[in-house]
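Below: the structure, in structure tokens.
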Amino acid sequence: MMDEPVKHPVYRIRKLYRRGAQPKGYQHTLELLDDRAGKVMATCDVVGRFAFAKHEIVDHLGRTWRMQPNRKLMPSRWIVTDPEQTIAMQFDQKIAGKLVNPLYKCAMSFLGSDDRELYRLIDPRTNIPDRMFGTGPDDWVIIEGDALVAKLVRLPREETQASGLRGVLRKLVTTSDPGIVSVGAEHLFPANFSTMSMNARTRGSIRRRCGITA
């Protein structure tokens, strides 16, 4: 059992809408924060449908990383390249395995540039009904071999006081952000990789592809 997130390195994803000039097809901007440092580590403008489009991630040093799908139709792998355009990591969904067994517990593999598997994103529950109907974000974990190395969580946002109608409406909306909590003393992934692996739309796609409809 992991301790509370505050005791571990935590990345938080915030979704915001950038004003001013925006690229065609702009949806929103993802901002990744290091919760302990209180610092923005990476940003990404989501343009078009996330799973099918090319995206640029700008890290806190101003360097640009890129992610693109392996194909336009039903992509199964997303490739991240560094500022020198060298493959840094690949996110691979085991589509063939899911077609045979739609409740296959491995949702995604994290591969190196040589296609060697580094980590897996899994639903650790072994009970099939739980896997089908579970709705908690804590069901997803990242493992290295058989060892737990990170966990996907929902992080509460800091409450801000607002009066009147605005205050009432704010209480009705979700007041949490997706996050990734690393087990070790340091972050498991650099910020640019975490921005991609924690995108809300990507997670929705994972759940649908795994046959998890709840």
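Any read-out appearing in this document is the output of simple, stated calculations on the displayed coordinates, not a laboratory observation. Since the model is a prediction, treat every value here as computed from it, not as a measurement. Neighbour counts run over all protein chains shown; Cβ positions are idealised from the backbone, glycine included.
A few notes on this one:
- For region 16-62, projected area of the alpha-carbon convex hull averaged over all directions, nm²: 3.9 nm²
- Charge context of residue 69, other residues only, Cβ under 9 angstrom, K/R +1, D/E -1: +4
- Residue pairs, from the table 94/151; 39/151; 39/94; 7/94, whose Cα atoms sit over 27 Å apart: 39/94; 7/94
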